[in-house]
Every structure is written in structure tokens, then in C-alpha cells.
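Read-outs: derived from the displayed coordinates by stated rules, not from any lab. Source: prediction; values computed, not measured. All Cβ positions, even for glycine, are placed from backbone atoms using ideal geometry, and neighbour counts span all protein chains on display.
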Amino acid sequence: MNPQEQLIAKIDAEFKKYPFKFIGERLKQERLRLGYTAKSVYERLAIAQSTYANYEKGSRDIPASLLFELWLDGFDVSFIVSAERFGSAGVDDDSEPVIRLIDINVPDERPVLVSDAIVYDLYHIENGLIKVGAIAHKDYELKDLIRLLANKATLDNS
């Protein structure tokens, strides 16, 4: 085998051993980009440390339900899955968010009061949509944010 064939064989063997290796590497990159510890992520996802470690190692497939939770926490799931960053692609700079929080100080942690928690969650859901290029009033409306919030609540309670 020539050197190129050897490299391809090595990558192929590695991929067979860890089929989700590249997704795991990007998951770790996103976690580090956001400044999260592995512990804070697996505790937030309510999964075992070993399970999360296997996701980052690439030896275990991460379910879509957990990717959704990561997305709600600001992870660029498009990057994790496809290696493509969609952060501001297609974002219209003149677009104004549905949830206007200019005068609201959004805390770092989810508030205890239900009304504050709803505003907090809506803000973060919309921020996630904007990060992947969605445009307010074109790609989504307030009712869509509320549906996403209801879906999140269902997942949180399951």
C-alpha cells in the first residue's frame, strides 16, 4: 500500500472503532467554545458522566432529543452534526427579534419564578433560532416560539 492508501485505511479503521468520532470532537469543541465543563453539560442533560464521555469520544451516538437540549443551551448543533457553522448565515441585520429584551436583564441561570422562567426560555429559544439564521416574522412568529417552549416543557417533564 502506498502512503495515501495507508492513511485512508487508518482513518477507515478508526471510523469503524469510533463511528461518531468527528461528531464527538465537534461536541467537545462546542462545549469548550461556550465555556462549559463536561460535568455541567452531563448534569444539565441528566445523563451519566460515562455516557457523556462516550458522546465526546465518539463511541456512542447522541440522540436528537439531547441535541435539542444542547441547542437550547446555545450549542451550534449544525456544527456538531455537519461541521458547518450557520451562526449568522442568512441573518438579515434589519430583522428585529420577536422577543424584545433590550431593557430586560436576562440572568445567566434560569429563574425560579414561573413568569421569569418563561421569558428566560423564550429569549434563549429565539436566540438559538437567530444563531442558525432564522429571521423573525419571516421564518418564525411568537406562536412558533411558544410551541417550541411547550415542546421543551414536555421534554423537561418526561
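Counting neighbouring beta carbons within 10 Å and listing from fewest to most, the residues Arg44, Arg31 come out as Arg44, Arg31.
Among 73-82, 32-41, sorting by the average number of other beta carbon atoms lying within 10 angstrom of each residue, highest first, gives 73-82, 32-41.
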